[in-house]
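Only the coordinates and a few stated rules stand behind these numbers; no lab work does. Since this is a predicted model, take the numbers as computed values, not measurements. For neighbour counting, all protein chains shown are included, and Cβ atoms are generated from backbone atoms with ideal geometry for every residue, glycine included.
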Amino acid sequence: MILHYSTYRLELKHRFTIARGYEDAVDVVLVYFTKDGVTGVGEAAPSGRYNEDALTIVKHLNSISFNEVSSKDSLDYWLDAALPKANGMRSLETAFDLALHDLYGKLNNTATTNHFDSDPQKACMTSFTIGIDDREKIKEKVLEAEEYPLLKVKLGSDHDKEIINTLRDVTDKLIRVDANEGWDLEEGKRMCDWLAERNVEFVEQPLPADNLDDTAKLREHSPLELVADENCIDSEDIPSISDAFDGINIKLMKCGGLREAFKMIQMARERQMKIMLGCMIETSVAITAAAILSPLVDYADLDGNILASNDPFDGVKVKDGMLVLPEGPGLGVTLKE
Ligand SMILES: [Mg+2]
């Protein structure tokens, strides 16, 4: 099995601001595995929040080989052999996992949806994210998001109520709120009460990830459901957070790929937790891979490719807010003409 890789700079249509900081562009690493003349594609979208970056990934990729990975014709065997080579970098594990799922599907002429028993006709609706911004920009973004019936709004700034009031001046659409760890318990209580009267579906990661005790107290108080993002990296986190949160936000780049994400879905279901699929700023490679699992979950927030202006791939599309999965073997992603 031959490995190729390249970095790619995704430019954002608008500066994207959340409680932690802002971005104008994001560097991702595209990974390709080739076997018997067939190539599978994967993607790492490293996040500074988890101490990963594209340069470190590329330096590491320079130093490893995959000659022995495909000695058996088994996807699980390939994954078991390849993922430990990522040196613990979850976004790189994800790149390997996606490229191997894609390659395996293409070699066997089967869609990755089949592998997970995921019915493409049941893909869910995705929300469209509005970052933290000033009044005029927020209004502009809401108008741009006209075709999305469902918005996700980034809060955790010092003018959260103003952001929501601005939004409510221009739209009465259902919104999801993501505080990105921006509140403490008292502010969380005040905001959850206030938001509950403003057509909000749920609140994501209200408090810092290291404050699970207060999150459990907020859950008892809050009329809105709480969804864990920064508190839920992989399946190992689920048992310890199931008392503090009503649901989890699974992101491929946090957990290490489709195989681990599928395990998280099963564990969350056993605990009657709600499940959302989220993303980073990513190309259509990783967004399509996540969308493949969307028929198995409750909520999707898979708009990272739409926020970018130069996605080089074609894959999942959005029609009237609904995810529409591509046909074809593997992930079903192709390079744009
Ligand atoms: Mg989040």
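Order 193-199, 86-92 from most to least packed using the mean count of other Cβ atoms within 10 Å.
Per-residue Cβ counts within 10 Å, averaged per peptide and sorted highest first, yield 86-92, 193-199.
List the residues whose amide H sits under 5 Å from the amide H of Lys274, counting only those 5 or more places along or on another chain, with H placed 1.01 Å from N in the peptide plane.
Correct list: Gly247, Ile248.
Which of Glu260, Glu236, Glu270 moves the most in a Gaussian network model of the chain with Cα springs under 10 Å?
Greatest mean-square fluctuation among the candidates belongs to Glu270.
Fully extended, how many nm does the chain gain between Ala196 and Asn114 (0.36 nm per residue separation, minus their Cα-Cα distance)?
Once the chain is fully extended between Ala196 and Asn114, it gains 25.6 nm.
Round to the nearest 0.05 the FRET efficiency obtained for Glu162 and Lys217 when R0 = 30 Å and r is the Cβ-Cβ distance.
About 0.65, to the nearest 0.05.
Between Asp134 and His14, 0.36 nm times their residue separation minus their Cα-Cα distance comes to what?
Gain on extension, Asp134 to His14, equals 41.9 nm.
For segment 47-62, take each phi angle, set θ = phi - 60°, evaluate the Karplus expression 6.51 cos²θ - 1.76 cosθ + 1.60, and give the result in whole Hz per residue in order, putting x for glycine and proline.
10, x, 4, 10, 6, 10, 8, 5, 4, 4, 4, 5, 4, 5, 4, 4
To the nearest 20 debye, what is the magnitude of the charge dipole of segment 2-109 about its Cα centre, counting +1 on the Cβ of each Lys and Arg and -1 on the Cβ of each Asp and Glu?
240 debye
Taking a point 7 angstrom from the Cα of Ser240 along the C-beta vector, which residues in segment 61-101 have backbone N less than 18 Å away?
Residues passing the 18 Å test: 90.
Report, in deg cm²/dmol and to the nearest 500, the calculated mean residue ellipticity at 222 nm for the chain, where each DSSP H run with n ≥ 4 adds -39500 (n - 2.57) and the sum is divided by the residue count.
-9500 deg cm²/dmol
Translational D (Stokes-Einstein, µm²/s) of the chain at 20 °C and 1.002 mPa s when Rh comes from the Kirkwood sum over C-alpha pairs?
Estimated diffusion coefficient is 106 µm²/s.
Give me the dipole magnitude in Debye, nearest 20, for the chain about the Cα centre, with unit charges on the beta carbon: positive for Lys and Arg, negative for Asp and Glu.
560 debye
Which whole-number percent gives the relative contact order of segment 1-105, counting Cα pairs below 8 Å spaced six or more residues apart?
Normalised by residue count, the contact order of segment 1-105 is 30 percent.
Go ahead and set up a Gaussian network model of the chain, Cα springs under 10 Å, then flag whichever of Val177, Val38, Val26 fluctuates most.
Per the Cα network of the chain with a 10 Å cutoff, Val38 tops the list.
Grab the other residues whose beta carbon is less than 15 angstrom from that of Lys263, score K and R as +1, D and E as -1, and report the net.
-4
Show me, for segment 254-260, the HN-Hα J-couplings you get by feeding each phi into the Karplus relation (A = 6.51, B = -1.76, C = 1.60, θ = phi - 60°), rounded to Hz, glycine and proline as x.
7, 8, x, x, 5, 5, 5
At a threshold of 8 angstrom on Cα-Cα distance, excluding pairs fewer than six apart, so keeping six or more, what relative contact order does segment 115-335 reach in percent?
Reported as a whole number, the value is 21 percent.
Arrange the following residues from fewest to most other Cβ atoms within 10 Å of their Cβ: Thr39, Thr166.
Arranged by neighbour count, lowest to highest, Thr39, Thr166 become Thr39, Thr166.
Which ordering of Lys154, Lys122, Lys141 is given by a fewest-first count of other beta-carbon atoms within 10 Å?
Lowest count first: Lys122, Lys141, Lys154.
To two decimal places, what compactness ratio does segment 1-76 give when its Cα radius of gyration is scaled by 2.2 N^0.38 Å?
1.37
Starting at the first residue of segment 217-234, write each ³J(HN,Hα) from the Karplus equation 6.51 cos²θ - 1.76 cosθ + 1.60 with θ = phi - 60°, in whole Hz, x for Gly and Pro.
Coupling constants for segment 217-234: 5, 4, 4, 4, 7, 6, x, 9, 5, 10, 10, 8, 10, 4, 7, 10, 7, 9 Hz.
Given the options Ala95, Ala111, Leu79, identify the residue whose Cα lies farthest towards the positive end of the charge dipole of segment 61-130 (+1 on Cβ of Lys, Arg; -1 on Cβ of Asp, Glu).
Ala95
In nm, to one decimal, how far is the Asp24 label point from the Lys319 one, both placed 7 Å along Cα→Cβ?
For the pair Asp24/Lys319, the computed spacing is 3.8 nm.
Using Cβ contacts closer than 10 Å as the measure, can you line up Ser47, Ser127, Ser71 from fewest to most?
Fewest-to-most ranking of Ser47, Ser127, Ser71: Ser71, Ser47, Ser127.
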